[in-house]
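Step one of this worksheet: look at the structure below.
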Amino acid sequence: MNITVAKDAGYCFGVRDAVDLAYDAAKEHGSVYMLGDIVHNENVVNDLNKAGAKVVNSLDHVPKDKPVLLRAHGTKNEVWKKAKSKNINIIDATCPLVHEIHKEVKKLSKDGRQIIVVGDHGHDEVVAIADQVKNTIVISSIEEAEKLKKYKKAGIVSQSTQTIENVQDIIAVLMKKIFDLHFVNTICYPTKRNQEQIKEMAKINDVMIIIGSFTSANSKRLTMLSKEINVKTYQVTGWEDINKGWFSGCDSVGISAGASTPDYLINEVRDNILSL
């Protein structure tokens, strides 16, 4: 059985930097505290917890002598303000590309535009983007776009891990409703690259395996894109989820992983498939 692992499977640079920062901070300070999971992967969160990077749900639960690490997805403004008012040592692990989206939103808003974010409702990154200016509208689907009222001026950005296809479909609808539309393509380069690799691999492999948490938006999107091309596409969180029956009569397997999947999980899945 031939197994191919996508060239850029797993951690993007933003996630890798955030995780490394959490490990370094835990080592330097004895422990560090995060408001929610640093990335959407249970294995990473558990590994960090063992190293001293703890998850809490409120700044009130951060000890006075310990730092708080603000996560890769971005953080609402009120959290920043409260942390500063409490004189908590802030370690910013926000992905630089997410910070860029925040800046673009503010620029578009200053131009008098209604801000629209193409993204998943309730996702941490989308919540933080929408919080940058008042009265932001979040749209996740064509159906929602079709219900939007008409606007004279609007500025549109997207969640960094959206599929190009979904954004294009929504923009096509919004173009009929907005007279002066300014779209900034904020899908990040690692996402575009990984999605393109998935599409090619799904065409030439008998079975596709996508490794990533089911809480990870970008992992689920990779799975969706692959399944549209290859019905024998399966998402797993680790090698324990592998079903031997998937590979019956299979000559080639393609493996990719979401941007919050660590290298060791990819290696474990590959090695266990090889041993079947």
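Global size of region 1-131: 16.5, 58 Å for Rg and Dmax (C-alpha atoms, Rg to one decimal, Dmax whole). Rolling a 1.4 Å probe over the heavy atoms of the protein chains gives region 1-139 an accessible area of 49 Å² per residue. Scoring 169-179, 9-19, 207-217 by mean Cβ neighbours within 10 Å over their residues and listing the highest first yields 207-217, 9-19, 169-179. Among the protein heavy atoms of region 52-163, carbon and sulfur supply 48% of the accessible surface, probe 1.4 Å, non-protein parts ignored. Amide hydrogen proximity for residue 89: with H placed 1.01 Å from N in the peptide plane, the residues at 5 or more positions away or on another chain lying under 5 Å are 68.
Shown in residue order for region 106-113 are the 3J(HN,Hα) couplings computed by the Karplus curve 6.51 cos²θ - 1.76 cosθ + 1.60 at θ = phi - 60°: 5, 5, 5, 5, 5, 7, x, 9 Hz (x for Gly and Pro).
Annotation for region 151-198 versus region 52-116: alpha-carbon center distance of 24 Å. For region 229-276, pairs of C-alpha atoms spaced more than 12 angstrom apart make up 64 percent of the total. Shape class for the chain: oblate, because the ratio a/c of the largest to smallest gyration tensor axis (alpha-carbon atoms, square roots of eigenvalues) is 1.5 or more and b/c is at least a/b. In the chain, helical runs assigned H by DSSP with n ≥ 4 each contribute -39500 (n - 2.57); averaged across all residues and rounded to the nearest 500, the mean residue ellipticity at 222 nm is -13000 deg cm²/dmol.
Between 38, 11, 77, the Cα set farthest toward the positive side of the dipole of the chain (charges on each charged residue's Cβ, about the Cα centre) is that of 77. For residue 32, the amide hydrogen comes within under 5 Å of the amide hydrogens of 53, 54, counting only partners 5 or more places away or on other chains and with H modelled in the peptide plane.
Given a cut-off of 27 Å, what percent of all Cα-Cα pairs of region 145-276 lie beyond it?
Of all Cα-Cα distances in region 145-276, 31 percent exceed 27 Å.
Calculated on the Cα set of region 168-231, radius of gyration then Dmax: 15.0, 46 Å. 3J(HN,Hα) couplings calculated from phi for region 117-127 with the Karplus curve 6.51 cos²θ - 1.76 cosθ + 1.60 (θ = phi - 60°) are, in sequence order, 10, 8, x, 7, 4, x, 5, 3, 5, 5, 4 Hz; Gly and Pro show x. Amide H contacts for residue 74 (H built 1.01 Å from N in the peptide plane; partners 5 or more residues away or on another chain; cut-off under 5 Å): 95.
The values are calculated or read from the model by the stated rules, or taken from the named source; none is laboratory data. Just so you know, these numbers come straight off a predicted model, no measurement behind them. Note that we place each Cβ from the backbone using ideal geometry, even for glycine, and neighbour counts take in every protein chain shown. To get the accessible areas, we keep the full protein, side chains included, count just its heavy atoms, and leave off ligands, DNA and RNA. Shrake-Rupley method; radii C 1.70, N 1.55, O 1.52, S 1.80 Å.
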